[in-house]
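Visitor: Just passing along the structure, written as structure tokens.
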Amino acid sequence: MPFYRLKTGIVHVKGTRLPAPCCVRFCWPSSGKEQVCMAPSAYLCDGPNNANRSGTCDAPLCEVHARQIGPNRHLCPACHLSHSAAERQRSLFTSIV
Ligand SMILES: [Zn+2]
Ligand SMILES: [Zn+2]
């Protein structure tokens, strides 16, 4: 039974087979404090899991925080950052060659 942050506040939702709450931390414009999003997740991060090379990051992501990089492929902000850094490095490399 996960806790979700909805428009009304933190809500304890009863039930099974519910999506995990979004785990992205970000600064709320209203308070300026870093908080966990906790909106019901719609996606899981498809980024590589550095601790377990055969797995994926699997961070639960809501609509707002999922970064789509392809058909049915989404990344959390942390994975998207390293993904775009790798992309930049690759394009830099090919432009030199
Ligand atoms: Zn979120
Ligand atoms: Zn991730």
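Visitor: Please verify whether Ala42 is under 25 Å from Val11 (Cα atoms) and either small (Gly, Ala, Ser) or more than 16 Å from ligand 1 (Cβ to nearest atom) (or both), treating the condition exactly as stated.
Guide: On the way: under 25 Å from Val11 (Cα atoms): yes; either small (Gly, Ala, Ser) or more than 16 Å from ligand 1 (Cβ to nearest atom) (or both): yes.
Considered against the rule, which asks whether it is under 25 Å from Val11 (Cα atoms) and either small (Gly, Ala, Ser) or more than 16 Å from ligand 1 (Cβ to nearest atom) (or both), Ala42 comes out as yes.
Visitor: Okay, moving on. Is one or more of the residues making up segment 60-76 away from ligand 2 (no atom under 13 Å from the Cβ) and β-branched (Val, Ile, Thr)?
Guide: Looking for residues that are away from ligand 2 (no atom under 13 Å from the Cβ) and β-branched (Val, Ile, Thr), one finds at least one in segment 60-76, hence yes.
Visitor: Would you mind stating whether Val11 is within 13 Å of ligand 2 (Cβ to nearest atom), β-branched (Val, Ile, Thr) and in contact with a strand residue (DSSP E or B) (Cβ under 9 Å, 6 or more places away or on another chain)? First the steps, then the outcome.
Guide: Numbers: within 13 Å of ligand 2 (Cβ to nearest atom): no; β-branched (Val, Ile, Thr): yes; in contact with a strand residue (DSSP E or B) (Cβ under 9 Å, 6 or more places away or on another chain): yes.
No, not satisfied.
Visitor: Same structure, new question: Considering only residues that are closer than 24 Å to Ala86 by Cβ and within 9 Å of ligand 1 (Cβ to nearest atom), which ones fall in segment 45-63? Full working, then the answer.
Guide: Here is the first cut: in segment 45-63, the residues closer than 24 Å to Ala86 by Cβ are 45-61.
Once the filter is applied, which keeps residues that are closer than 24 Å to Ala86 by Cβ and within 9 Å of ligand 1 (Cβ to nearest atom), segment 45-63 yields Pro60, Leu61.
Each value in this text was obtained by applying a stated rule to the coordinates, not by laboratory testing. The shown structure was predicted, so the numbers you read here are calculated from the model rather than taken from an experiment. Cβ atoms come from the backbone with ideal geometry, glycine included; neighbour counts cover every protein chain shown.
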